[in-house]
1. Could you grab the pairs with beta carbons closer than 9 Å, sequence gap of 6+ or different chains, first residue in the range 426-440 and in contact (Cβ under 8 Å) with a residue 12 or more places away in the chain and among the hydroxyl-bearing types (Ser, Thr, Tyr), second one assigned to a loop (DSSP other than H, G, I, E, B) and surrounded by 22 or more Cβ atoms within 10 Å (Cβ to Cβ)?
2. Please enumerate the residues belonging to the range 245-294 that are of a type outside the set (A, V, I, L, M) and assigned to a helix (DSSP H, G or I).
3. Could you say which residue among Leu406, Leu393, Leu384 is at pLDDT 95 or above, touching a strand residue (DSSP E or B) at 6+ places or on another chain (Cβ under 7 Å), buried (at least 18 other Cβ atoms within 10 Å of the Cβ) and in a helix (DSSP H, G or I)?
4. If I ask for residues that are surrounded by 20 or more Cβ atoms within 10 Å (Cβ to Cβ) and either basic (Lys, Arg) or closer than 14 Å to Phe286 by Cα (or both), which ones from the range 322-332 would you list?
5. Name the residue, out of Gly148, Gly206, Gly183, that is within 19 Å of the chain's Cα centre (by Cα), more than 30 Å from Val257 (Cβ to Cβ) and of a type outside the set (A, V, I, L, M, F, W, C).
6. Take the range 188-217 and flag every residue that is closer than 30 Å to Ile403 by Cβ and in contact with a Gly (Cβ under 7 Å, 6 or more places away or on another chain).
7. Could you tell me which residue of the range 295-307 is modelled with the highest pLDDT, considering only residues that are open to solvent by 20 Å² or more (accessible area, probe 1.4 Å) and in a strand (DSSP E or B)?
8. Taking the options Thr246, Thr227, Thr220, name whichever one is touching a His at 6+ places or on another chain (Cβ under 7 Å), crowded, with 18+ Cβ neighbours inside 10 Å and among the hydroxyl-bearing types (Ser, Thr, Tyr).
Amino acid sequence: MTPAAAQRAMKPQTVLHGGKSAGKALHLQPVSQCRCLYATDTRVPAGTPVVEAGMHPWVGLSDEVRLGLLTEWITPELVDEVLATCGRQDANPRPLSRRFMVYFVLALALFQQDSYDDVAENLVGALGEMDQSIPNKSSFTRARQQFGAAPLEAVFRRVAGAIAPPTLEAAFWRGMRVAAVDGFVLDVPENDVTRAAFGGRADSAGQPVGFPQARVVTLTETGTHATIDARIGTFKGGGGEPALATEMADSAAGMMVIMDRGFPSVALWKAYTQAGAHLLIRARTFIAAKPMEILPDGTYLTRMNLAGQRRSHPGGVTVRVIDYQVDGGETIRLLTDLLEPEAGPAAELAALYHERWEVESAYRQLKTFQRGKAEVLRSASPELIRQEIWAHLALHHCLNRIIMRLADGDGLDPDRISFVKILKHTRRSVVLQAGRSTRRLRQFTKQMTTKVARKLDNGLRRLRAADRYTRRPISQYVARRKDQVRHATRRVSAKMITLAPPILQ
C-alpha cells in the first residue's frame, strides 16, 4: 500500500447502507491498515463487517461457516483455542480466515473426491452469494501452508478418546476397556520431496515401486471403532509400527490392548505394562518357545528377551503363552501379561483375540469409504500430507461418535449402524449448514434419529469368512499358490477354539 493510499485508508469513510436505512450515510472506522471496515452507526449491529469497494466479499463472512453435524464436537470455540495454542491466530481480517481453513481442511477429508472449488461451494453454498466469489485454488493452498499440520493434530487430540459407555458390554472384558493397536499406509503423491520424506516400497533391485506411503498407527477402541490415539510416520524409518505403537502406551492405561504378531518386543511390553495396560499379543511360534513353568490350564510361563540375550538376562520380561487352534487349523500363539489363569482364562483370551479384527473394520471405514478406494491423498508436500491425515483421523473419530450416539439412543450395538449412510448424512448436513445454530443442528439430528430403524440399521452382523490373499501385489504376477482356490466371502458357522498343549523343548 502506498503512503497516500494508507493515509486515505486511515480516514473515517462514509458509505451507503442498503438495508432498512437505504440511502442513508453510515460512518465507518478503519481497522489498522486492513480495508475491512466496521459500521459504528447505531442502525447496524455492532461489529457487522461492511465490505468496502475492492475488498473480497468473504472478508468477515468466512468465520460464519460451520461443519454440519461435526460442529457439535469441533466447535468454533475449540478451533479458536487450538489456533491460539499453536500461535496461528489471524493478525488481520482476511477472506480465508484461519478458523475457516481448519473447517475447510476437514471438509477436504469429508469430500475427498471433490476439488477445492467444489469443497468450498459445499461449505458456503447455503450462505447467501458467497459461492459466487470463491477464491482460486492457489489461495487455498497458500492458506493451508501458512498454518501447517499442528492445528489439525491438536484438533484430533482434543476430540479423540474412548467413547463407549459402561453399558456397552461388547467394548469391555472383565471390567477393562478393550482396544487394539495396528497400522496402515496411505499413498501420497509422487515427487522427490515426498519420496525422500516418507519412502515407499522397492523391488529387489532397490528401485521404487508404486507411490510413496505415509504410515499411520492407531490405538482403537474395538467396541466402537473410535480412535483413542494415533501416530504418523514414514514407510520404513523410525522403527516402524512397533516404535510408533510404543509412543502411545500412556493412552492405554487401564485397558486390555490387543496386537498382531508384528508387534512383540521387550521395549513395547515394558512401556504398556508400566503405563498400567494389559496386553494380548499374537506372536510367531518360535518366539517364547521354551517353557519355564507349565500352568494347570496347559499354558506356560517363559521369558521374552532382546535378541541375543540369555533367558536369565534381567532385561527381559516374563510372559504367559497360550497356544490354540481354530477349527483344527494352524497353531496360534498369544502372549499376555496376565500370568495367573484365574485372572485371564486361556479360552476367554483366545476368543477375545478375535476382537482385534475390529480395527481392520475401522481402517476399512477410513480408507475405503471415507477416503475412497485406492485414492491417493491430494496434498503434495510432507507438511500438508500430515495435515490431511490428521483431518481424516479427526473426521473418522467424529463420525463414530455420531454412530455411537444413535446406537446408544436405540439400545443397539454400534456395529449395526451403517458408516456409509452416516457419512452421507454428515455431508448433507455440511451442504445445508445445519451446524450454524443449535436449533438447526438439533433438528437435523432428530431427523437422523427417526431414520435409525428404517434406514441406518444394518441388522445383526452375520458370521462370515473370506480367504486372505494379495489383492494388490507389487509384482505383475498374482501372488497365489498354484493349489489355492479363490473363494468369495461366504457365511460360516461358529468357529471351534481348541487349546493346544505346550511344546516342550
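The values are calculated or read from the model by the stated rules, or taken from the named source; none is laboratory data. Values in this document were obtained by computation on a predicted structure and should not be read as measured data. Using ideal geometry, Cβ is built from the backbone for each residue, glycine included, and neighbour counts are taken over all protein chains shown. These accessible areas exclude ligands, DNA and RNA; they are computed on the full protein's heavy atoms, side chains included. Shrake-Rupley method; radii C 1.70, N 1.55, O 1.52, S 1.80 Å.
1. Within 9 Å, the pairs are Thr426/Leu67; Ser429/Leu67.
2. Within the range 245-294, the subset of a type outside the set (A, V, I, L, M) is 246-247, 250-251, 254, 260-265, 269-270, 272-274, 276, 278, 282, 284-286, 290-291, 293.
Thr246, Asp250, Ser251, Trp269, Lys270, Tyr272, Thr273, Gln274, listed by residue number.
3. Working: Leu406 fails: at pLDDT 95 or above; Leu384 fails: touching a strand residue (DSSP E or B) at 6+ places or on another chain (Cβ under 7 Å).
The conditions single out Leu393.
4. Here is the first cut: in the range 322-332, the ones surrounded by 20 or more Cβ atoms within 10 Å (Cβ to Cβ) are 322-324.
Within the range 322-332, Ile322, Asp323 meet the criteria.
5. Numbers: Gly206 fails: within 19 Å of the chain's Cα centre (by Cα); Gly183 fails: more than 30 Å from Val257 (Cβ to Cβ).
Being within 19 Å of the chain's Cα centre (by Cα), more than 30 Å from Val257 (Cβ to Cβ) and of a type outside the set (A, V, I, L, M, F, W, C) holds for just one of Gly148, Gly206, Gly183, which is Gly148.
6. We begin by selecting, within the range 188-217, every residue closer than 30 Å to Ile403 by Cβ; these are 188, 213-217.
Listed by number, the residues that qualify are Gln213, Arg215, Val216, Val217.
7. Checking each candidate, the answer is Leu301.
8. Values: Thr246 fails: touching a His at 6+ places or on another chain (Cβ under 7 Å); Thr220 fails: touching a His at 6+ places or on another chain (Cβ under 7 Å).
Answer to the check: Thr227.
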